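The values are calculated or read from the model by the stated rules, or taken from the named source; none is laboratory data. Only a predicted model underlies this, so the values are computations on that prediction, with no experimental measurement involved. Cβ sites come from the backbone with ideal geometry, for glycine too, and all protein chains shown count toward neighbours. Please note that ligands, DNA and RNA were not included when accessible areas were found on the heavy atoms of the full protein model with its side chains. Shrake-Rupley method; radii C 1.70, N 1.55, O 1.52, S 1.80 Å.
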Amino acid sequence: PRGIRAPIDLFLRHLAEDEEDRAIAIIMSGMGADGTMGVKAIKEHLGVAMAQETRSAKYDSMPKSAIGTGLMDYVDTPQRLPEKLLGYIRHTAKLPREITQERTASHSLTRIFNLLRAHTGHDFSFYKRNTIFRRIERRMNIHQISHIGKYVRFLQENPNEPDLLFKELLIGVTNFFRDAEAFKKLREEALPTVLKSKGRNGALRVWIPGCSTGEEAYSIAIVIAECIDQLRLRGLVKIQIFATDIDKEAVDRARQGLYLPTITNDVSPERLHRFFVKDDHGYRVSKQIREMIVFAPQNLIMDPPFTKLDLLCCRNLLIYFTGELQKKLLPLFHYTLNPGGALFLGSSETIGGFQDLFNAIDTKWKIFQRREAPAAIPAGRAFLRVLS
């Protein structure tokens, strides 16, 4: 009955889940920012996003907000967008068989990895091949390129394309309190145990790798603040939250703590009132919560990890990595946690045969507790050399 309605975001999020890479979002003239979060969901599921060029829009705030995500595949006037839409559809209709035949062309994929490494400094060879191929296919579809070898040449000849592909590979939508029940379990079952063990003047250390634009990190901080108040520990326990991501642009956005009005779909009125400040552009996370978190660029695979942790939150990131890398990261996660510390994974992830490293607090929502290692775990930089 009250508050901001966001029917376009809601529709596009459901469309993305239902149709995945067949979904196409087109944002036209309109007021407000409705549709921007939906566009992110469309792109996460490998759909296509288009927007009306703002100078041609009577009301430019909706397309301007969507374009501001940096995720648009096409931006043009209403007169020219249909041509781009039909060109894309005609190309993709005949494409799947041709590209599938080329999936054996590992030489081309290796060249793409090398180009990305030279351009961005990051190695994507540890990512699942199928995920990489689907993202590359999407860029090929946008440019209506049918052969991966031709796309390699396109990458070499167009200096902006490696940046766009890099961004494509990093797309991940984060909402506040994604899987609300999981955060409820974290607050009720995992955090009280850890906080009570700290005593007076203790420090709670948290690491959130793959934090993207910060929604997850701020959600964790809010839940911790609520738990501290519930246990009457305010001022008695110091909070240190480290939130990191490979994408420097995403980290900069996270640090600002400013979000669209449509976060009301995911954040309760009580939390909005207590932990956010409303301004002309949307909602800014309160200073109390922002000061709990240090945001920094970091490559989870190559850079040294944070250690002596009480909570490690790594949700919906491992699913992008090969099984080989996952098997190396889980002992590293064990090493970074204090005994009794909690590991919080995404609902679609699993720790497989590593149940002997962790006790399950909640198997449905993937919350685990660190056990003592049954065998020697490689430590520090020596372990990182194993990864690299």
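Apart from one condition, P339 fits all of (1) in a helix (DSSP H, G or I); (2) open to solvent by 50 Å² or more (accessible area, probe 1.4 Å); the exception is (1). Mind checking which residues of region 193-218 are in a helix (DSSP H, G or I) and either buried (at least 24 other Cβ atoms within 10 Å of the Cβ) or in contact with a His (Cβ under 9 Å, 6 or more places away or on another chain) (or both)? Correct list: E216, A217, Y218. Residue count for region 65-79 under the criterion of being open to solvent by 30 Å² or more (accessible area, probe 1.4 Å) and either at pLDDT 95 or above or not in a helix (DSSP H, G or I) (or both): the result is 6.
Kindly provide the set of residues from region 123-169 that are in contact with a strand residue (DSSP E or B) (Cβ under 8 Å, 6 or more places away or on another chain) and closer than 23 Å to A254 by Cβ, ordered by number. Of everything in region 123-169, those that are in contact with a strand residue (DSSP E or B) (Cβ under 8 Å, 6 or more places away or on another chain) and closer than 23 Å to A254 by Cβ turn out to be Y127, L169.
Just to be sure, is M50 surrounded by fewer than 24 Cβ atoms within 10 Å (Cβ to Cβ) and part of a strand (DSSP E or B)? It would help to see each step written out before you state the result.
Values: surrounded by fewer than 24 Cβ atoms within 10 Å (Cβ to Cβ): yes; part of a strand (DSSP E or B): yes.
The answer is yes for M50.
Might you let me know whether region 84-94 holds any residue that is in contact with a Lys or Arg (Cβ under 6 Å, 6 or more places away or on another chain) and open to solvent by 40 Å² or more (accessible area, probe 1.4 Å)?
Checked region 84-94: no residue is in contact with a Lys or Arg (Cβ under 6 Å, 6 or more places away or on another chain) and open to solvent by 40 Å² or more (accessible area, probe 1.4 Å).
The set of residues in region 273-296 that are out of contact with any Leu (no Cβ under 6 Å at 6 or more places or on another chain), at pLDDT below 95 and surrounded by 13 or more Cβ atoms within 10 Å (Cβ to Cβ) contains only Y283. When the test is whether a residue is touching a Ser or Thr at 6+ places or on another chain (Cβ under 9 Å), open to solvent by 40 Å² or more (accessible area, probe 1.4 Å) and within 19 Å of P261 (Cα to Cα), D60 passes it.
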